[in-house]
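The values are calculated or read from the model by the stated rules, or taken from the named source; none is laboratory data. All of these numbers come straight from a predicted model, not from anything done at the bench. Here the Cβ positions follow ideal geometry from the backbone for every residue, glycine too, while neighbour counts run over all protein chains shown. Calculation scope for accessible area: heavy atoms of the full protein, side chains included, ligands and nucleic acids excluded. Shrake-Rupley method; radii C 1.70, N 1.55, O 1.52, S 1.80 Å.
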Amino acid sequence: MTDLHDLAARIRYVLVRTSHPGNIGSAARAIRTMGFARMELVAPHRFPDPEANALAAGADDVLANAGLHAGLVDGLGGSSLALGLSARRRGVTLPELSPREAARQALAAATRGEQVALVFGNERTGLENEELARCHAMVRIPSVDDFSSLNLAQAVQVMAYELRMAMLGDEPPAPPPEHDEPPADAAQMEQFYRHLAQTLDDIDFHKGREPTTIMLRLRKLFQRAQPDARELRVLHGILADAQRMAGLANGK
């Protein structure tokens, strides 16, 4: 049976464009109290910073080992399930989960040996649509409608608590998905999306129309399918053949 430490090590907390270093420290404290230690920082405004260490209240090991990344794709590196926290319903159409259901799904994935990312946006603006589009589902904490703004560290604490309770509970993990291999990770999926977007351009699929909407819908489709690495290789092969035939048709 997988122990709690191993499960916790497969779950990372990704903070995107954090404005205040104190919130990074408070978030580190929040996850450390629940037995987690993995934090990834994407384009923080200030870090390292003494204020982060002051508000970490002893969780300095979390800060010392935090990854620093220029973009979200790097922060998600290796993860096959990404859950984005958002206080508002956005233009991106994603499955919407409660914190408890999100914790259950995250634990099930971690139990299968997968890497899981919980993604939190900037304190003022939250996650941008482009960032949410890289997540498999959106998580909304059911706060009251007339005062829904949680502090970043509070949102992190809610999720860390729900995950801790799920890990300590007796509910069996969800059955494994029907894959011969684990789902492709975030970097592999981004490489596929780039290849897909280029192929659609090469075959003139959009015919002058704006490609953003169709790419968002295709992202949603493939995120729902969660292809594994072998299936992605087949898809890459199909795209490469389509590009080759388009080149022949255009006399290239």
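Values as computed for the structure displayed
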| item | result |
| --- | --- |
| Subset of the range 59-103 that is charged (D, E, K, R), more than 15 Å from the chain's Cα centre (by Cα) and at pLDDT below 95 - its residue that is nearest to residue 26 (Cα to Cα) | 88 |
| Long-range neighbours under 8 Å by Cβ, at least six apart or interchain, first residue under 13 Å from residue 186 (Cα atoms) within the range 217-231, second open to solvent by less than 80 Å² (accessible area, probe 1.4 Å) and of a type in the set (D, E, K, R) | 219/134; 228/181; 229/181 |
| Top-ranked residue in the range 64-86 [being among the aliphatic types (A, V, I, L, M) and surrounded by fewer than 24 Cβ atoms within 10 Å (Cβ to Cβ); ranked as nearest to residue 46 (Cα to Cα)] | 68 |
| Scope the range 91-102; condition closer than 21 Å to residue 128 by Cβ and either open to solvent by less than 60 Å² (accessible area, probe 1.4 Å) or outside any loop (DSSP other than H, G, I, E, B) (or both); matching residues | 92, 94, 96, 97, 102 |
| Residue list for the range 121-143, restricted to those being among the small types (Gly, Ala, Ser) and surrounded by 21 or more Cβ atoms within 10 Å (Cβ to Cβ) | 121, 126, 133 |
| So residue 37, is it without any contact (Cβ under 8 Å) to a residue 60 or more places away in the chain, surrounded by fewer than 22 Cβ atoms within 10 Å (Cβ to Cβ) and not in a helix (DSSP H, G or I) | yes |
| Output for the range 218-238, where each listed residue is surrounded by 11 or more Cβ atoms within 10 Å (Cβ to Cβ) and either part of a loop (DSSP other than H, G, I, E, B) or not aliphatic (A, V, I, L, M) (or both) | 219, 220, 222, 223, 224, 226, 227, 228, 230, 231, 233, 236 |
| Among the residues listed as 82, 28, the single one being touching a helix residue (DSSP H, G or I) at 6+ places or on another chain (Cβ under 7 Å), part of a strand (DSSP E or B) and of a type in the set (A, V, I, L, M, F, W, C) | 82 |
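Conditions (1) open to solvent by less than 10 Å² (accessible area, probe 1.4 Å); (2) of a type in the set (Asp, Glu); (3) part of a strand (DSSP E or B); (4) in the same structural domain as residue 162 (by the TED database), marked per residue:
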position: 46; (1), (2), (3), (4): no, no, no, yes
position: 51; (1), (2), (3), (4): no, yes, no, yes
position: 58; (1), (2), (3), (4): no, no, no, yes
position: 62; (1), (2), (3), (4): yes, no, no, yes
position: 88; (1), (2), (3), (4): no, no, no, yes
position: 104; (1), (2), (3), (4): no, no, no, yes
position: 119; (1), (2), (3), (4): yes, no, yes, yes
